[in-house]
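The values are calculated or read from the model by the stated rules, or taken from the named source; none is laboratory data. Keep in mind the model is a prediction, meaning the values are calculated, not measured. Ideal geometry is used to build each Cβ from the backbone, glycine not excepted, and the neighbour counts take in all protein chains shown. Just the protein is used for accessible areas: all its heavy atoms, side chains included, with ligands, DNA and RNA removed. Shrake-Rupley method; radii C 1.70, N 1.55, O 1.52, S 1.80 Å.
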There are 2 protein chains.
Amino acid sequence: MRDFLPADKARRERVLAVIRSRYRVHGFDEIETPVLEDYDRLHAGIGGDNEKLAFNVLKRGLDADAVRAAADDQARLSDLGLRYDLTVPLARFYATHRAELPSVFRSIQIAPVWRAERPQKGRYRQFVQCDIDVIGDASARAEAELIAATLDTLDALGLEGAMVRINDRRALDAMLDVFGFAPPERPGVLITIDKLDKIGADGVEAELRERGATASAVDAFAAFLRRPQTLEYRPYGEGQIRKALPAGVPDEVIAHLVGIGEAMAAARPVDPIPGVPLVFDPFLVRGMGYYTGTIFELAHPSVSYSLGGGGRYDGMIGRFLGQDVPAVGFSIGFERIVDLLGDAAQADTPAIVLVHDRDVPVAELLAHKAALVAAGSRVRLEQRPKNLKALLERAAADGYTAFAAVAAGVNPAALEVRPLD
Amino acid sequence: MRDFLPADKARRERVLAVIRSRYRVHGFDEIETPVLEDYDRLHAGIGGDNEKLAFNVLKRGLDADAVRAAADDQARLSDLGLRYDLTVPLARFYATHRAELPSVFRSIQIAPVWRAERPQKGRYRQFVQCDIDVIGDASARAEAELIAATLDTLDALGLEGAMVRINDRRALDAMLDVFGFAPPERPGVLITIDKLDKIGADGVEAELRERGATASAVDAFAAFLRRPQTLEYRPYGEGQIRKALPAGVPDEVIAHLVGIGEAMAAARPVDPIPGVPLVFDPFLVRGMGYYTGTIFELAHPSVSYSLGGGGRYDGMIGRFLGQDVPAVGFSIGFERIVDLLGDAAQADTPAIVLVHDRDVPVAELLAHKAALVAAGSRVRLEQRPKNLKALLERAAADGYTAFAAVAAGVNPAALEVRPLD
C-alpha cells in the first residue's frame with residue numbers, strides 16, 4: 001500500500017478526471033458501492049483466485065468463547081471483507097437496484113480494490129480499478145460501445161494508437177473440442193495456452209504434454225499453432241477470423257465477432273491507425289473463470305504489457321438475481337496508465353508563490369492572497385527562508401509557475417509577479 | 001453503508017470537484033493514504049472514542065492454535081484496520097514524508113472513513129471526510145487560511161453566508177480555572193458545557209451539580225453563563241472577546257483569536273455579510289480530546305446543525321515524529337453538504353438520448369453516436385420500448401436534455417435532435 005504525495009496525487013486526479021468525463025460522454029453513468037461487502041458474497045466462488053486474496057474484517061462483539069469456537073473455521077471470525085474487484089459488487093448492486101436502472105445499464109466504477117498480495121515490484125495491495133460495464137444487452141452493440149469509449153479515453157489521455165485484441169470463449173471451447181481435448185482437461189489446457197506470448201508454441205506444446213493432455217489433441221493443436229497464417233491477423237473481418245480458426249466454430253460466434261468489427265469501423269471513422277482498431281487473436285484466453293463469450297485485451301504500441309481487458313460474463317448476474325442477464329465489462333489498468341503517462345498533461349490554473357518577510361502582518365498576507373485567488377490564481381504563502389532558491393525549486397516541482405516577494409505595507413495592486421523558471 | 005445510484009453519484013462528484021478545486025486554489029495540495037493503517041497506530045489512544053468504532057482486519061495466515069491463543073486478547077487477531085478519521089493517517093504521513101514536504105505543509109484529504117456505528121438515521125458506517133490541514137505554522141495565518149478556503153468553497157457551492165464559531169481550548173481551560181473547577185473534574189465539565197446549545201443554561205447548571213462538580217465553581221460559572229451580554233457576540237474583535245470571557249484568560253490567547261479576525265477581515269473584503277464572518281463563542285467545546293488551541297465550527301443560516309469544524313492539535317504529530325510540530329485542521333461535513341445542496345448545480349454537457357428501432361444495424365448506431373460525441377455531446381443509446389414516455393422521463397431524470405429517433409439508413413448529418421422537456 002502506498003502514500004501519494006502531492007505531485008503524484010495531482011497526476012492521478014488529472015487522469016481520473018479525463019477517464020470519468022470521457023466514459024460519461026459515451027453514455028455510461030457512474031455508481032459507487034461500499035468497499036466492504038458481505039463475507040459470504042466475496043467467497044461465493046465467483047471471484048476466482050482473488051477470493052483467496054481478500055482482506056476479511058474481524059466480526060465485532062465476539063467473546064473469547066466465540067473466538068475459540070471459530071478456531072477451526074476462520075470464516076466464522078469474519079462477516080465482512082474488502083472487495084477484491086468491482087465486478088462482484090456490480091452484480092450485487094444490479095440485483096439490488098435493477099428496478100431503478102435503465103433496461104440497458106451502462107455503469108462506470110472508478111474505485112480502489114484490495115488484494116493481500118505478497119509485496120513485489122509493481123503489485124500493490126490497494127489499487128484503483130476503472131471499469132465500465134454494459135448490463136442487459138446481448139448484442140455486439142455492447143462490446144462496440146465499451147471498446148469505442150475505452151479507445152476514446154486513451155486518445156484523450158494522449159495514448160493514441162491503442163488496439164484491442166479480441167477473442168471469444170465459445171470459439172476457444174469449440175477449438176478445444178475440434179482438436180479432441182476432453183472436457184475435464186480443458187481448463188488446464190487454457191491455462192497453458194494463456195502463456196503462448198511468454199513461452200511460445202514450443203513451450204505450449206511441451207507443457208500440454210507434461211500435463212498429460214490427450215496426445216492426439218496436442219498433436220493437432222501444435223500443428224495448428226504453427227501454421228504460418230496465424231501470425232498475421234489483420235485486417236479484421238470475417239475472412240481473417242475464419243482463416244485464424246479451425247473449422248467447427250459456430251457461425252453465431254463468428255457473426256458476433258464480425259459485428260463488433262463493423263460497429264467499431266463506424267465508431268472510429270477517423271481512427272489514427274487506418275482500419276478497425278481490433279486484432280482477432282484465437283489464442284487469447286484471459287484468466288477469470290466467469291467469462292462466457294467475447295474476451296478482449298487492450299494493447300498499446302509503446303508497451304509490451306496489456307493496459308486493460310475484459311469480457312462477457314453472462315452468467316454472473318444470475319447468481320445474485322436468480323435470472324440471467326447478459327453483461328460485458330472492460331477494465332482499464334489505471335495504475336499502469338498513470339505510470340506510462342508520467343508528468344505529461346500538467347495543464348493547470350496559474351499558480352503563484354508569495355514569499356513574505358517575517359514581519360508582514362497576517363492580515364496583509366491574507367489580503368494579497370485573496371486578491372490573487374479572486375483573479376483566478378492558485379496561491380501558496382511561504383515565509384522567506386535562508387535558501388530562497390531551494391524553496392522556488394520545490395514550488396516549481398509542485399506546479400507553481402510564478403512568484404512575488406511581499407514586504408510589509410505593499411498594496412496588493414502593486415505586487416510584482418514574476419515567472420518561475 | 002450505502003450504494004450510490006447514478007444521479008446521487010453524479011451529484012457527489014460535482015460537489016467534490018468544486019471542493020477539490022477551491023481548496024487547491026488556496027494553496028492546499030491533495031495527498032492520499034491507504035485506507036488500511038496498522039492496528040497499533042489506530043489504537044494508540046489518539047483517536048478518542050472513534051478508536052472503539054474501528055473495523056479491524058483479520059490477520060492472515062493464523063492457524064487454529066494462534067486463533068485459540070488470541071481468544072482472550074482479540075487485538076492479536078488483527079494487524080490492520082480501516083481508518084476512522086483522516087487526522088491520525090495525516091500525522092503518520094507527515095512523520096514519514098516530512099523531508100519531501102514544504103516547511104509549512106497545507107494538505108487536502110478527500111476520502112472515505114469507516115466507523116462501526118449502530119445503524120441510525122443520518123449515521124453511516126462509510127462516509128466521506130473533506131479535511132484541510134496546515135502543519136508547521138503556529139501563527140494565526142494558519143487558521144485564517146483554513147477558514148478563508150472553507151468559506152470560499154461554500155460560496156462556490158452556492159452556500160453563501162456561512163459563519164465560523166470560534167473559541168480556544170486554552171481560553172476554556174483558563175475559564176474553568178478562574179471559576180475554580182479542579183483539574184480532574186474539568187474533562188467532565190467540558191462534556192456538559194458542550195451541551196449548552198441543546199439543554200440551555202439551566203440544564204448545564206443542573207448537570208454540573210449532578211456530576212458533583214465543585215459547588216462554588218458551579219455557582220460562579222452559572223452566574224457567568226446567565227450574564228445578558230453573552231448572548232451577543234458580534235462584532236468580532238478584541239473588545240467583544242474580552243467582554244465574553246471572565247478576567248484571567250492569558251493575553252496571548254486573546255491576541256491569537258484577534259489576529260485570526262483581522263486576517264479574515266482582510267481575506268474577505270467583499271463578504272456577503274458585512275463584517276468578519278466569525279463569531280466568538282466562549283462555550284464552544286468540540287469533542288475530540290486532541291485539540292490544544294483554537295477550535296471552530298462551521299454554521300450556515302439555513303440549518304441548525306454544524307457543517308464542519310476543526311481546531312489546533314499541536315501535540316499529535318509529535319506522537320509519531322518525536323518532535324512537536326504545530327498543526328491545525330478544518331473538516332467540512334461532506335455528507336451534510338451534499339444533502340443540503342440537493343439537485344442544485346446540475347450544469348453539464350449537452351446530453352442526447354438516441355432512441356432506435358430494433359432493426360437499425362449496430363454499425364449505424366455507433367456511427368450516429370460517434371458523430372454526436374465528436375460534436376461534444378454525452379450520448380445514450382436506447383432501443384425503442386413500448387412506453388417511450390417512461391424512457392424519456394427516466395433519461396431526463398438522469399440529466400439528459402435532448403433526444404433523437406434513429407431509423408435504419410439515416411445519415412448522421414440528417415438526424416433531428418429535439419429538446420426533452
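Restricting the stretch A:51-63 to residues that are surrounded by fewer than 21 Cβ atoms within 10 Å (Cβ to Cβ) and touching a residue at least 24 places away in the same chain (Cβ under 8 Å), which is nearest to the other protein chains (Cβ to nearest Cβ)?
A:Leu53
Please give the number of the condition B:Ala156 fails out of (1) open to solvent by 20 Å² or more (accessible area, probe 1.4 Å); (2) of a type in the set (A, V, I, L, M, F, W, C); (3) modelled with pLDDT of 95 or more.
All conditions are met except number (3).
Checking A:Arg41 against (1) part of a strand (DSSP E or B); (2) over 30 Å from B:Arg394 (Cα atoms); (3) under 24 Å from the mean Cα position of the chain (by Cα), only one condition comes out false. Which one?
(1)
Search the stretch A:1-12 for residues being touching a residue at least 40 places away in the same chain (Cβ under 8 Å) and under 14 Å from B:Phe28 (Cα atoms), and hand back the single one that is nearest to the other protein chains (Cβ to nearest Cβ).
Selected residue: A:Pro6.
Being in contact with a strand residue (DSSP E or B) (Cβ under 6 Å, 6 or more places away or on another chain), under 30 Å from B:Ala396 (Cα atoms) and more than 9 Å from chain B (Cβ to nearest Cβ) is true for just one of A:Asp131, A:Asp85. Which residue is that?
So the residue among A:Asp131, A:Asp85 that is in contact with a strand residue (DSSP E or B) (Cβ under 6 Å, 6 or more places away or on another chain), under 30 Å from B:Ala396 (Cα atoms) and more than 9 Å from chain B (Cβ to nearest Cβ) is A:Asp131.
Scanning for something under 20 Å from the mean Cα position of the chain (by Cα) and not in a loop (DSSP other than H, G, I, E, B), does the stretch A:55-73 turn up at least one residue?
no
Can you spot a residue in the stretch B:334-343 that is farther than 30 Å from B:Ile46 by Cβ and charged (D, E, K, R)? Break it down into steps so the answer makes sense when it comes.
From the stretch B:334-343, those farther than 30 Å from B:Ile46 by Cβ are B:340-343; that's our starting set.
Among the residues that remain, those that are also charged (D, E, K, R) are: B:343.
Yes.
Out of everything in the stretch B:96-116 that is more than 10 Å from every other protein chain (Cβ to nearest Cβ) and open to solvent by 30 Å² or more (accessible area, probe 1.4 Å), what residue ends up being farthest from B:Leu62 (Cα to Cα)?
My answer is B:Ala99.
Among the numbered criteria (1) out of contact with any Asp or Glu (no Cβ under 9 Å at 6 or more places or on another chain); (2) under 18 Å from B:His256 (Cα atoms); (3) of a type outside the set (A, V, I, L, M), which single criterion is violated by B:Asn167?
(1)
Of the residues A:Asp168, A:Asp219, A:Asp194, only one is open to solvent by 60 Å² or more (accessible area, probe 1.4 Å) and within 27 Å of A:Gly329 (Cα to Cα); which?
When all the criteria are applied, what remains is A:Asp194.
Which number in (1) crowded, with 24+ Cβ neighbours inside 10 Å; (2) assigned to a loop (DSSP other than H, G, I, E, B); (3) hydroxyl-bearing (Ser, Thr, Tyr) marks the one condition that A:Thr150 misses?
Only one criterion in (1) crowded, with 24+ Cβ neighbours inside 10 Å; (2) assigned to a loop (DSSP other than H, G, I, E, B); (3) hydroxyl-bearing (Ser, Thr, Tyr) is unmet by A:Thr150, namely (2).
Which of (1) within 12 Å of chain A (Cβ to nearest Cβ); (2) closer than 30 Å to B:Ser107 by Cα; (3) not aliphatic (A, V, I, L, M) is the odd one out, the single condition B:Gly342 does not satisfy?
Of (1) within 12 Å of chain A (Cβ to nearest Cβ); (2) closer than 30 Å to B:Ser107 by Cα; (3) not aliphatic (A, V, I, L, M), only one is false for B:Gly342: (1).
Mind listing just one residue for me: the one in the stretch B:2-12 that is over 15 Å from the mean Cα position of the chain (by Cα), part of a helix (DSSP H, G or I) and at pLDDT 90 or above and, of those, surrounded by the most Cβ atoms within 10 Å (Cβ to Cβ)?
Out of the qualifying residues, it is B:Pro6.
When you go through (1) at pLDDT below 90; (2) surrounded by fewer than 20 Cβ atoms within 10 Å (Cβ to Cβ) one by one for B:Gly47, which number turns out not to apply?
(2)
B:Met163 fails exactly one of the following numbered conditions: (1) free of Cβ contacts under 8 Å to residues at least 12 places away in the same chain; (2) touching a strand residue (DSSP E or B) at 6+ places or on another chain (Cβ under 8 Å). What is the number of that condition?
Of the numbered conditions (1) free of Cβ contacts under 8 Å to residues at least 12 places away in the same chain; (2) touching a strand residue (DSSP E or B) at 6+ places or on another chain (Cβ under 8 Å), the odd one out for B:Met163 is (1).
Mind checking whether some residue in the stretch A:26-41 is open to solvent by 30 Å² or more (accessible area, probe 1.4 Å), within 11 Å of chain B (Cβ to nearest Cβ) and not charged (D, E, K, R)?
Taking every residue of the stretch A:26-41 in turn, at least one turns out to be open to solvent by 30 Å² or more (accessible area, probe 1.4 Å), within 11 Å of chain B (Cβ to nearest Cβ) and not charged (D, E, K, R).
For the stretch B:245-268, enumerate the residues that are open to solvent by 50 Å² or more (accessible area, probe 1.4 Å) and under 17 Å from B:Phe224 (Cβ atoms).
Scanning the stretch B:245-268 gives B:Ala247, B:Gly248.
Within the stretch A:103-135, track down each residue that is part of a loop (DSSP other than H, G, I, E, B) and either over 14 Å from A:Ala327 (Cβ atoms) or modelled with pLDDT of 95 or more (or both).
Of everything in the stretch A:103-135, those that are part of a loop (DSSP other than H, G, I, E, B) and either over 14 Å from A:Ala327 (Cβ atoms) or modelled with pLDDT of 95 or more (or both) turn out to be A:Arg115, A:Ala116, A:Glu117, A:Arg118, A:Pro119, A:Lys121, A:Gly122, A:Tyr124, A:Arg125.
Determine, yes or no, whether A:Val15 is open to solvent by less than 30 Å² (accessible area, probe 1.4 Å), touching a helix residue (DSSP H, G or I) at 6+ places or on another chain (Cβ under 8 Å), at the interface with another protein chain (Cβ under 8 Å from one of its Cβ atoms) and not in a loop (DSSP other than H, G, I, E, B).
So A:Val15 fails the test.
I need the full set of residues from the stretch B:64-74 which are open to solvent by 50 Å² or more (accessible area, probe 1.4 Å) and more than 7 Å from every other protein chain (Cβ to nearest Cβ), in order please.
B:Asp65, B:Ala69, B:Asp73
Pick out the one residue from A:Asp339, A:Asp357 that is under 16 Å from the mean Cα position of the chain (by Cα) and not assigned by TED's automatic domain parsing to the domain that holds A:Asp173.
The unique qualifying residue is A:Asp339.
If a residue counts only when it is among the acidic types (Asp, Glu), which helices (runs of 4 or more DSSP H) contained entirely in the stretch B:160-263 have at least 2 such residues? Outline the logic, then answer.
Values: elements: B:169-179, B:186-193, B:196-210, B:215-225, B:238-244.
Counting at least 2 such residues, we get B:169-179, B:196-210.
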